[in-house]
Every structure is written in C-alpha cells, then in structure tokens.
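The structure appears right after this line, and notes come after that.
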Amino acid sequence: ELPKPLPGAFRGEKMFLVFAGTAGSGKSSLVATLSKWMKEEVGLRLSVINLDPGAEVLPYEPNFDIRKFFTIRDIMRRYGLGPNGAFLKAAELLGEYERKIVRDPAFTGFYDYVLIDTPGQLEMFMFRPEGTKFLKRLEMMKPVLLIYIVDGSLAKSPEDLMTSYLLSLILQSKVELQVVTVINKIDLLSDQELDVVRMLIENPEEFAKMVADKVGGIAGDMLLDLAQVAEKYSPSERALAVSAKTGEGMKELYDLIHEVYCSCGDLT
Ligand code: GTP
C-alpha cells in the first residue's frame, strides 16, 4: 500500500511540473493523460492541481482547484470586466492567495510529482509579476520543471509553429526555469506534417532556414537568429512530440522529466 500523504510536511514531493502553453494547446488533456500514465505504468504518487480559474470542465480530478477561491466568471461579474481583464485581476488574486494556496496539502503532501495545469492566457502565470513570484515560491519548495506545450496542429503553418515554439524561449528567460518543450496533437498530423515537427525538434536551425526562405526579408533573418538562440538555450534533446489524445509519447515524456529530475537531484 502506498504511504498516506503527510499534510503540511514539505517532504516527499520530488518535483513540480508546471504545464504552460497557448490557449487550446492541450495542457489539461496532457495533464490528464500523463498523470494517468505515470500512476498506472510507474506507480508514482501524484498530486494534480488546477490553477486555471477560467476552466469549465477538467478531464482529470484535481487534488487542488483554484476555482474554490475564484473563477473568471465570478471576477467578470463582480468587477464588471471582460475575460482578459478578469485574467489580469485573477493574477492579482493569485498574489493575494499565494500563501494559502501553496500551503494546501496538494502542494505540500508526500508526492513524487505535483502536476500543475495553468491557463492558456499566459499573462496570469508567465507575464505578470504575481505569476512569476508564484513560480519562484514553488522553486523555493522543490525543483520546478516547466513543460511548455506547442499545438502541433500548427504544423500546417510552419511559421506559426515556429512562433509558438520560440515563445518558450521568452518564458524561459522570464521565469528562469528548466523547460521541456512538447509538441502535442501529433495524432492530427499527416506524415508530411510529422516530418515538419520532427525537423523542428531535431534541427531547429534547418527548420528556421526553411521558414525564413518562405517568410523572407528581415523577419526571415530574425527567425534564423532566434533559432540559434533556441538551440543554445533550449537544446533539441529537451523537445519531443506527443499526443494527449492517444497517449503516444507518454513514456518518452516521462523519461525526459525523470532525467531532468535526476540532474536536478545531483545539483541539490
Ligand atoms: P486552455 O486551458 O483553454 O488554454 O486549453 P488547454 O491548453 O488546457 O487545452 P485542452 O486540454 O482543453 O484541449 C483543447 C482542445 O484540444 C480540446 O478539444 C482537446 O480535446 C483537444 N486536444 C488536446 N490534446 C489533443 C491531442 O493530443 N490530440 C487531439 N486530436 N486533440 C487534442
């Protein structure tokens, strides 16, 4: 029998896995599929957390849900805001509730990994001071790995795939966390589109050259330069393709997470 969680004890959790990515990239779906896989195939003790106050339906049963403090719907109603304004207000509220949130047993209990789902509105966690502060607080508790999800269905338009991929660099420079980039929804891709995704993962510079030729001009040159930065700070061994729908790539993703954890373990 697995040990029972120890509420209030900062023991047991190995690592926070924060799932981020643009709207609809598949964060919640990946949290659901990967957590199921890690529980069933590896027998890990997991806590799953929803920090998206705008979520309506979740494909998993969270151990902690930010919606018990506030939801985007309530904020819109109470403050007379539209959805984007409500997310900015939600960032402020996140700052106010931060201490309470991270003391919840879902964060502090005896777990191997704590998986955290965040909103597609990247502002709340990635581009607002309260969100960055929240991630820093997590890091003070245990190592944090950011799993940045790119919507693979963008392979139909390589420029958009490239832009979304490069966004992970900006996040990385902002939050100073280790990042694994995951290209999701590969079940939707043709063989040719899969080749495009593989090229992006295995050889981002070659990929950027292809896109740059297509885009041309200064924008093309910029993409080439950015691809070099990507290769330097976000090496291709830290990227892979998955499907949250079919479960393809879950083992590879877990292996990558485990590898990062082990390298963190060596440092701490
Ligand atoms: P937000 O929190 O609203 O930004 O969304 P999200 O990033 O959490 O994405 P979510 O998991 O809600 O998925 C968005 C849509 O993509 C849903 O309709 C999912 O069923 C679909 N989806 C997610 N992952 C996959 C996948 O691997 N393959 C396919 N075909 N669809 C997927």
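The values are calculated or read from the model by the stated rules, or taken from the named source; none is laboratory data. Model, not experiment: these values are computed from the prediction. When we count neighbours, we look across all protein chains shown, and the Cβ atoms used for this are built from the backbone with ideal geometry, even at glycine. For accessibility, only protein heavy atoms count, side chains too; no ligands or nucleic acids. Shrake-Rupley method; radii C 1.70, N 1.55, O 1.52, S 1.80 Å.
Scan the range 116-149 for residues that are part of a helix (DSSP H, G or I) and open to solvent by 10 Å² or more (accessible area, probe 1.4 Å) and jot them down. Walk me through how you get there before you give the answer.
Looking only at the range 116-149, we keep the residues that are part of a helix (DSSP H, G or I), and these are 123-127, 129-141.
Result: 123, 127, 129, 130, 132, 133, 136, 137, 139, 140, 141.
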Worksheet item: Looking at the range 161-181, which of the residues that are within 16 Å of the ligand (Cβ to nearest atom) and in a helix (DSSP H, G or I) is most open to solvent (accessible area, probe 1.4 Å)?
Response: 167
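When the residues of the range 209-249 are filtered to those that are in a helix (DSSP H, G or I) and acidic (Asp, Glu), which remaining residue is farthest from the ligand (Cβ to nearest atom)?
Residues of the range 209-249 in a helix (DSSP H, G or I): 209-215, 217-233, 236-238.
If we keep only those that are acidic (Asp, Glu) too, we end up with 213, 221, 225, 231, 237.
Values: 213: 30, 221: 32, 225: 29, 231: 26, 237: 22 Å.
That would be 221.
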Worksheet item: What are the pairs, 6+ residues apart or on separate chains, where a residue within the range 48-62 that is open to solvent by less than 10 Å² (accessible area, probe 1.4 Å) and at pLDDT 95 or above has its Cβ under 7 Å from a residue that is part of a loop (DSSP other than H, G, I, E, B) and more than 9 Å from the ligand (Cβ to nearest atom)?
Response: 48/60; 48/62; 48/63; 49/62; 49/63; 50/62; 53/70; 53/71
Worksheet item: Can you name every residue in the range 182-208 that is away from the ligand (no atom under 16 Å from the Cβ) and part of a loop (DSSP other than H, G, I, E, B)?
Response: 203
Worksheet item: Only one of (1) among the hydroxyl-bearing types (Ser, Thr, Tyr); (2) in contact with a helix residue (DSSP H, G or I) (Cβ under 8 Å, 6 or more places away or on another chain); (3) within 16 Å of the ligand (Cβ to nearest atom); (4) modelled with pLDDT of 90 or more is not met by residue 71, so which one is it?
Response: (2)
